[in-house]
Amino acid sequence: MSQEKAAEPKSGTAVKVLISILVGPLAFFIVQSINFPGLNPAAHFALSSFAWVLAWWIAQPIPWAATGLLPLVLFPLGGAMDFKTTMALYGQPVLTFLLGVMLFGHAFQKHGLAQRMAITLLSIRGVATSGQRLLVAVMIVSAVVSAFIDDAASVAIMIPIALAIAKFAGDSYSNTLGEKISTPKMTTAMCLGVLYGATAGGMATPAGAPFNPLTISLLEQFTDYRISFVQWTTTGVFLAVGSLIVYFLGLKFMSPPEVKSISGAAEYFTSEKKKLGPMSRGEINVLIVFIIMVVLWFLPAFVKIKFLDIWYVPPLAAILLFLLPTDTSKGETTLNAKDFQSGVLWNILFLVVSGTAIAAGLTKLGMTEWLEGVITGGMTAGLLPWFAGIMTPLLSHATSGTATTALVSSIMFPIADNLGYNPTILARIIAGTALAVSLPWAGAAAGTCFSSGAITFGNMFKIGIVVTIFTMLVVVVLSMLLVPVLGAFSVV
């Protein structure tokens, strides 16, 4: 009897694995069996292949990165495109951009500069005198960290700090009242505050989330529009601030912190800062590279340098991190060979690259022109931003935000160009609404937050749905207003 019971989970697991594998070929054959008038056979086969890829990105029978390589097998097999041409699609500048950004984020965390920055900001007197102020401070710190490193990494860095702060605040308030009180809403707010702060901060700069460089790359691929680091950041800061306000209000009304006052907060954070000691050589090196990155990203706004574009800086930063020494006597540098293996989210990296490659392949085969003809018949320019703002978060909750960004961008950018609508507005909307925060499995950042064990599924879902709706409205409206007013784009 016990052996039969032990076998049941294995059998159930095997069935689930088999189903997750079969949904890909099934999706392929369903799309392949549909008659699409006007769509050429090669594009039809590529679309069916994309359906297989999307199905596997959702079901995940194999890693995202491995799934993204399917076109290399399917396109030549179906005669849609030969192998060399398909392989060339993967040579996207977004690869080296994200590689550099991820390595910098790893160095930022490895040498403790992120923790030092967080503790330093929280130690400012008057910042942490109540639960609400502490929540605002944690959200702002998370946003600042996330503006320059991946949102998932930001959440991983900030969650332990936020939970320790929540416990300190609860204990301090209990001591003030003279009785032990429970603070579950405070803990929930702090945990989600990190996720929401990182999400908002990710909108601020191109380095903040993988969706940003992916969107910029696809914009350059499909249209004659370009966005520089400065142009993206100009509107990004406003979007980040607007979203932060919405996120804070959502937490304030749906999970208000029980802690009304905190005594000794500044002293506590000051003592934590002292424990860190003086800056290490590694922290100084990371700070130097950070300053170089910021200067080079902003320099084209003042000086015309032909080779210096948004894609150039991260690879340079990565090389510097491997060169700058931390201990010359031991031959140690800021990053080493082991960091190159462990410091890069290879699964996410190749998910983004393959998404860009597939979009490029569909375009090359005439898929986007066909979609333009199908959709533009009932679509007006005024509906485009709202269509993008609604569809992106809906799809990102069903599949990855990266896959959603690639899909929605590759459809919407050519249509916008055809209807005479500025596609950079859509770029801001798509990238700003692609990160799902309502479901634990919707993305790495949400999963990291939920895995802390400090928040229930119910709270994450109900609060997440509400703030997703309102942030979508804020992102759409601000993008429509700010992009044209600030001139946050260039036309080649």
Checklist entry - If you go through the range 111-130 one residue at a time, how many are under 15 Å from residue 261 (Cβ atoms) and crowded, with 24+ Cβ neighbours inside 10 Å? => result 1
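This table checks each residue for (1) more than 27 Å from residue 68 (Cα to Cα); (2) at pLDDT 90 or above.
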{"site": "301", "(1), (2)": "yes, no"}
{"site": "337", "(1), (2)": "no, yes"}
{"site": "347", "(1), (2)": "no, no"}
{"site": "356", "(1), (2)": "no, no"}
Item to check | Test: residue in the range 220-240 that is at pLDDT 95 or above, within 26 Å of residue 129 (Cβ to Cβ) and touching a helix residue (DSSP H, G or I) at 6+ places or on another chain (Cβ under 8 Å) | outcome: yes
Checklist entry - Across the range 54-76, which residue is modelled with the highest pLDDT among those that are under 20 Å from the mean Cα position of the chain (by Cα), crowded, with 20+ Cβ neighbours inside 10 Å and not aromatic (Phe, Trp, Tyr)? => result 67
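Look at residue 236 and say whether it is surrounded by 24 or more Cβ atoms within 10 Å (Cβ to Cβ), part of a helix (DSSP H, G or I) and of a type outside the set (A, V, I, L, M, F, W, C). Spell out the reasoning first.
Numbers: surrounded by 24 or more Cβ atoms within 10 Å (Cβ to Cβ): yes; part of a helix (DSSP H, G or I): yes; of a type outside the set (A, V, I, L, M, F, W, C): yes.
Yes, satisfied.
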Checklist entry - Counting just the residues of the range 138-158 that are surrounded by fewer than 23 Cβ atoms within 10 Å (Cβ to Cβ) and at pLDDT 80 or above, which one comes out farthest from residue 102 (Cα to Cα)? => result 140
Next on the checklist: Within the range 77-87, does at least one residue satisfy the condition of being closer than 24 Å to residue 352 by Cβ, surrounded by fewer than 24 Cβ atoms within 10 Å (Cβ to Cβ) and under 23 Å from the mean Cα position of the chain (by Cα)?
Outcome noted: no
Item to check | Residue list for the range 369-389, filter: at pLDDT 90 or above and surrounded by 16 or more Cβ atoms within 10 Å (Cβ to Cβ) | outcome: 384, 385, 387, 388, 389
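Per-residue answers, yes or no, for (1) within 19 Å of residue 412 (Cβ to Cβ); (2) surrounded by 24 or more Cβ atoms within 10 Å (Cβ to Cβ); (3) modelled with pLDDT under 85:
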| residue | (1), (2), (3) |
| --- | --- |
| 426 | yes, yes, no |
| 438 | no, no, no |
| 443 | no, yes, yes |
| 448 | no, no, yes |
| 452 | no, no, yes |
| 457 | no, no, yes |
| 476 | yes, no, no |
Checklist entry - Can you spot a residue in the range 468-489 that is within 22 Å of the chain's Cα centre (by Cα) and part of a loop (DSSP other than H, G, I, E, B)? => result yes
Next on the checklist: I need a count of the residues in the range 164-197 that are assigned to a loop (DSSP other than H, G, I, E, B), modelled with pLDDT of 80 or more and surrounded by fewer than 20 Cβ atoms within 10 Å (Cβ to Cβ).
Outcome noted: 1
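The values are calculated or read from the model by the stated rules, or taken from the named source; none is laboratory data. What you see is a predicted model, and the numbers here were worked out from it, not measured in a lab. Cβ coordinates were reconstructed from backbone atoms using ideal geometry, including for glycine residues, and neighbour counts include every protein chain displayed.
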